[in-house]
1. Work out the length of the dipole vector of region 1-146 about its Cα centre, built from +1 on the beta-carbon of each Lys and Arg and -1 on the beta-carbon of each Asp and Glu, and round it to the nearest 20 debye.
2. Given the options T123, V81, Q175, identify the residue whose Cα lies farthest towards the positive end of the charge dipole of the chain (+1 on Cβ of Lys, Arg; -1 on Cβ of Asp, Glu).
3. Which whole-number percent of Cα pairs in region 112-151 have a distance greater than 12 Å?
4. So what's the projected area for region 149-222, the Cα convex hull averaged over all directions, in nm²?
5. Can you give the Kirkwood hydrodynamic radius for the chain, in Å, rounded to one decimal and based on Cα pairs?
6. Taking the chain as a Gaussian network, where each spring joins two C-alpha atoms under 10 Å apart, which residue of L220, L92, L212 fluctuates the most?
7. Counting other Cβ atoms within 10 Å of each Cβ, which GluC sites (Glu not before Pro) in region 139-209 have at most 13 and sit in a DSSP loop?
8. Mind listing which chymotrypsin sites (Phe, Trp or Tyr not before Pro) in region 39-145 are in a DSSP loop and have 14 or fewer other Cβ atoms within 10 Å?
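The values are calculated or read from the model by the stated rules, or taken from the named source; none is laboratory data. Nothing here was measured: the structure is a model prediction, and the numbers come from that model. We place every Cβ from the backbone using ideal geometry, glycine too, and count neighbours over all the protein chains shown. Accessible surface areas use protein heavy atoms only, side chains included; no ligands, DNA or RNA. Shrake-Rupley method; radii C 1.70, N 1.55, O 1.52, S 1.80 Å.
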Amino acid sequence: ISGQDSKVTIFPAHDEGIRFFLSNYETPVEAKVENVISTDNSTIIGNSEIKIAMIEHLMAACAFADISALHVYVSTPELPVLDGSAIEGYNLINEAGIEKTQDNYEIEISQHIGLKSENAVLTLTPEEEFKVNYSVNFDHPDLRNKWYNFDFSQDKKEILSARTFGYFKDLEKFQKAGMALGVTKNNTVGLLDDGYTTELRSELEPIKHKILDLIGDLYLTGINPLKMKALIMAKEAG
């Protein structure tokens, strides 16, 4: 967002959840729903002392890597965008090694759950295993009334490697307002009137990125959404 250089150092933790520390501040902020202070342009968590932006990609990487406890030290109030996806964080976590502290588990969803806000709809329905169906309606020929299904029979790296995106025509406006200053062709897919500013990594990459963000945000419930035996349906869910 800000275009600042940012450094992240990650340390193991034990049964303390995923916590974010900001340089020169002793009090961390835990990645929990009650600590969310904004969802404008990115997910921002904070407390009375600090706030940390752009956490959703790392949270998604933690969900896919099955990480439940981590200490994340950030040099600025914003995580680095890296390549605009979660794949680099996911790979680095796996290269460092993961300590399994409990057996595999699954979360039963016992009843239908539905949320609605203007055009946005999000539902969870009991299912045999985790599945997600994401529907979008963007002003782009490839993304009008389109949807994408994901489950564990597919390559999860297509979700993890899906980059953030936005309308290229809005870039100058955002940058004049002090936002999107770190945008490059390598870390952001720009939507043109007919096409993209860069070659897509996979078909419908922008929808896959919305699934990535959704998984990262749902992990703020304290429950890894990938462990839910549920069909998650999202329509223009932001």
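1. So the dipole magnitude of region 1-146 works out to roughly 360 debye.
2. Highest projection toward the positive end goes to Q175.
3. Numbers: 524 of 780 pairs.
Roughly 67 percent, once rounded to a whole number.
4. Working: hull surface 24.9 nm².
Mean shadow area of the hull around the Cα atoms is 6.2 nm².
5. Values: mean 1/r = 0.0541 Å⁻¹.
Result for the chain stands at 18.5 Å.
6. L92
7. On the way: sites: E158, E172, E199, E203; in loops: E199, E203.
Sites meeting the loop and neighbour criteria: E199, E203.
8. Values: sites: F64, Y73, Y90, Y105, F130, Y134, F138; in loops: Y105, F130, F138.
In loop regions of region 39-145 (DSSP not H, G, I, E or B), the sparsely surrounded chymotrypsin sites (Phe, Trp or Tyr not before Pro) are Y105.
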